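Taking it in order: structure first as structure tokens, then the write-up.
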Amino acid sequence: MMRRRVFALAFVALLILAFGSLQPGDPTAAVQAAPPPAASDVERRIDGIVKRMTLDEKLDYIGGVNNFYVRAHPRLHLPALRMADGPLGVRNVGPSTAYAAGIALAASFDTDLAGRVGALIGRDARARGVHVLLGPGMNIYRSPLCGRNFEYFGEDPFLASRMAVAYIRGVQAQGVSATAKHFIANNSEFDRHHADAVIDERTMREIYLPAFEAAVTEAHVGAIMSAYGLVNGVHMTQHDRLNNQLVKKEWAFDGLIMSDWMATYDGVAAANAGLDLEMPSGAFMNRATLLPAIQQGKVTVATIDDKVRRILRKAIQFGWLDREQTDLAWPLFAPQGRQLALETARGSMVLLKNQGDLLPLDKSKLKSIAVIGPDAYPAIPAGGGSAQVRPFVAVSFLEGLAAELGAGASVTFNRGVATLAEIFDSSEFVTSPQMGDGPGAGKPGLIGEYFNDATINGHAALTRVDEHVNFAWDKPVTWPTGPVKTSSARWTGFFIPPSDGDYRFAAFTYGLDEYRLYLDGKLIFERSAQTQPIASRTLRLEGGRAYAVRFDYVHADHHARVGFGVRRADQLLDPAAKALAARADVAIVLAGFDPMTEAEGYDRTFQLPLGQDELINSVRAANKNTVVALTAGGGVDMLKWIDRVPAVIQTWYAGQEAGTALAQLLVGAFSPSGKLPASFERRLEDGATFRSYYPQAPRPSMKVAYSEGVFVGYRHFDHSGIKPLFPFGHGLSFTRFKLADLRISPEALDGDAPVTVSFAITNIGARAGAEVVQVYVADHHAPVPRPPKELKGFAKISLEPGESRRAQVQLDRRAFSYFDVGAQRWTAAPGDFEILVGTSSQSIELRGKVTLRN
Ligand code: BGC
């Protein structure tokens, strides 16, 4: 059994003053609630309720109802408890404020901001009667491919912990429980029900657990959501060691562990292994399964009681049994939310590159600006899936730029690249190469055969000619033979290229659906469950030759959606985009992903979607003042253009006010201060997990060995000596800062005393700005291999031009420790530790030393 932790939590107290802190009367301040009831009173009250519940009622209580509720119990005066996603705002109860995504919040390196965002999301939840917010998401960014990186707080466990604690405190101060999710190792979306993360304990403790540990022990989060997948061979919803031994015993968690939606696989195992609430319903933890198990002595009533008690404990502690959760005083469409969403977007965008100081643009001289790219309009506040909050209003980049510059300059717009639907709907196929009117003559389109099972075999339930393949339908599908649950389709015919050239084939589906494209009998590409939804490939084809096309589709998920087509590669771009760029003073390309291409449920590509690299290059060829702004939850492949494009901004998914924020950044209304919360690799193969991100053996093995161990992100780049394209912590400003005068006190210490690291920072540029100073600790003497350095503190400091301040951070003993697996505790090896202070993980400006004597 794991031993109770000895040391106090690792944390850094940021002692710099009042960085945008709460003012009296500030709407973001905590709701003035009655003081929390004493623990003994809470337990007494729980006793009273549990005593009056029958066993059947208890079993019903630990399974959710109506998708997002803990069921009401009128006889016992227990209200239904409402849940809502999380984490970027309140989803699934109508429109709400859409804040910058978790990764963007992390890029702000601003814990005060994270706390205020949490508080307003908590307020939005109260306005909608929500008791439990399903966020924050705090899985670690292992690879840019993870479809949900945008929801999370980046690659560093310390940064993720600080963000999580601030956010949770903000939410919970409003009388709403936060939910730390997804516990643990939901680091990819690929086949997430089956992926089995094989992680050694030290790596778990040092990389994947700290944010959850801080959420529990520092922020006292009310709920934890189990991940879909397995860890070391056991599904997380039935992981006794992690749920019971670690979270509930070692961390003394008194809240509830709920399953992710349909992430429970075995009712008895889950009941015994610490799952308290099965969501969205008691499909496994129910009377039918648990009553016999109780009779056979496989599950005890005390185990069931503990689950009910945990739910009731939070209900009582948060006051849900004693007041209306809906707070009518807080407007559904709150102006404070818009304001804070804008502040968050401004604080999180990262200026990656700014060659020749192209930015900020001089608004007074700017006469024309070409706004180009698929992410320019409409607004893309968030990636896809359960985090996709629907805002009342969302300012697209085009609208933001037009509002900021439209009065003095001409703002033109072109999407630049064909949509998938345009490609699918304009593709020209024939059912036979013989055209004309005779029997067997070809018709435009492909022959579609629709099957009542998933095998694409046997007798088709329906055969018809489909001119194009671009369909969506709901489940169950009604074929002429009646409704069916699972189905498949095959389209066959010919493609006759009008001339010699390169042709781009592309297909789309999502969820668990699969497709396969064959040309002249050869497999061209395929998609299996929960991989990237879009596949595309360019082939050199001969004009006039008939190529046999076969496109197979297997539909398994809720709504069928499938498309397939082909277009000449040199016709993917709209030539008008280049023409507009050529005529403008400046061209801004809004490239990146969207809720279809970067989403929950599947991973994404490292490459930008279809045609975007070509678009950036063609705009850059027409205009040397080209700025690229990327919408993405992490790094993308920039190799095809990064050396030619002078200015690049990572906007993440910056929420509903992203358009205004980017426009203000471009004209220098503020100086960017966001920093990368994840290393951006130059090539995918340079990253820590290139070989360990997906299962290393073919199915049925779903084992993903986290063989990089603790060397994730910058820990890997430092360790391997490989240079990232942009390092962790990197982000440029319009002004310049100078760090000086590092002081470490005490320089040598015994025991647990905290170490204070202080430094002076001066804004030596001509504009106001904020710098994120990062404090790393390097341990070169531990008996285990440690990363060359690790982030253990940071401070975001705003300074006027010429202004200078001292700032300090504190390091406690945990900041020097590794997890000693043998001794089952955090251990700091006595000796000298280097203290490295800088403005990115690769720009260390000050170095010092501290000695731990014992
Ligand atoms: C997601 C969770 C989410 C839940 C409810 C699941 O698919 O993984 O993050 O909270 O759905 O929407």
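The values are calculated or read from the model by the stated rules, or taken from the named source; none is laboratory data. Just so we're clear, the structure is a prediction, and the values are computed from it rather than from any experiment. When we count neighbours, we look across all protein chains shown, and the Cβ atoms used for this are built from the backbone with ideal geometry, even at glycine. Ligands, DNA and RNA are stripped out before the accessible areas are found, and what is left, the full protein with its side chains, is counted by its heavy atoms. Shrake-Rupley method; radii C 1.70, N 1.55, O 1.52, S 1.80 Å.
Let me know the charge dipole size of region 715-822 about its Cα centre in debye, to the nearest 20, where only the beta-carbon of Lys, Arg (+1) and Asp, Glu (-1) is charged.
Result for region 715-822 is approximately 400 debye, rounded to the nearest 20.
Computed over the chain, the per-residue total of -39500 (n - 2.57) for DSSP H runs of n ≥ 4 gives a 222 nm mean residue ellipticity of -6000 deg cm²/dmol, rounded to 500. In this structure E57 has an accessible area near 40 Å², from a 1.4 Å probe over the protein heavy atoms. Here the calculated FRET efficiency for F690 and S432, from their Cβ-Cβ distance with R0 = 41 Å, stands at 0.35, rounded to the nearest 0.05.
Please work out the average accessible area per residue across region 152-289, using the 1.4 Å probe convention, and give it in Å². Could you put the intermediate results ahead of the total?
Numbers: 2920 Å² over 138 residues.
Roughly 21 Å² per residue, with all protein chains present.
Per residue, the accessible area of region 364-433 comes to 39 Å² when a 1.4 Å probe rolls over the protein heavy atoms.
Could you order the peptides 64-71, 742-749 from most to least packed, using the average number of other C-beta atoms within 10 Å per residue?
Final packing ranking: 64-71, 742-749.
With the charge dipole of region 77-154 set up from +1 on Lys and Arg Cβ and -1 on Asp and Glu Cβ about the Cα centre, the Cα lying farthest toward the positive end among the listed residues G94, N139, L113 is that of G94. Looking at region 490-626, the accessible area is 37 square angstrom per residue; that uses a 1.4 Å probe and ignores ligands, DNA and RNA.
Per atom type, the chain shows carbon and sulfur on 53% of its accessible surface, probed at 1.4 Å. Here the label points at K640 and D362, each 7 Å from Cα along the C-beta direction, are separated by 3.5 nm in the simple model. Model label sites at A569 and A252, defined 7 Å from Cα along the beta-carbon direction, differ in position by 6.3 nm.
Derived from the Cα gyration tensor, the three semi-axes of the equivalent ellipsoid of the chain are 43, 37, 26 Å, largest first. Rank A760, G668, T735 by how far each Cα sits towards the positive end of the charge dipole of region 667-763 (+1 on Lys, Arg Cβ; -1 on Asp, Glu Cβ) and give me just the farthest. Result: G668, furthest along the dipole toward the positive end. Contact order, relative form, for region 663-807: 24 percent (alpha carbon pairs under 8 Å, 6 or more residues apart, mean separation divided by residue count). Placing +1 on each Lys and Arg Cβ and -1 on each Asp and Glu Cβ, with no other charges, gives the chain a dipole about its Cα centre of roughly 940 debye. One chain, two ends: F392 and V784. Fully extended at 0.36 nm per residue, the span grows by 135.9 nm beyond their Cα-Cα distance.
For the chain, DSSP calls about 75 percent of its internal beta bridges antiparallel. The charge dipole of region 117-250, taken about its Cα centre with unit charges on the Cβ atoms of Lys, Arg (+1), Asp and Glu (-1) only, comes to about 500 debye. Taking a sphere under 11 Å around the Cβ of T597 and counting the other residues whose Cβ falls inside, with K and R at +1 and D and E at -1, yields a net charge of -3. From the alpha carbon centroid of region 510-548 to that of region 118-182 is 38 Å.
Only one residue of G319, V176, V231 has its Cα farthest out toward the positive end of the dipole of region 172-331, where Lys and Arg carry +1 and Asp and Glu -1 on Cβ, and that residue is G319.
The separation of region 295-349 from region 213-283, counted between C-alpha centres, amounts to 17 Å.
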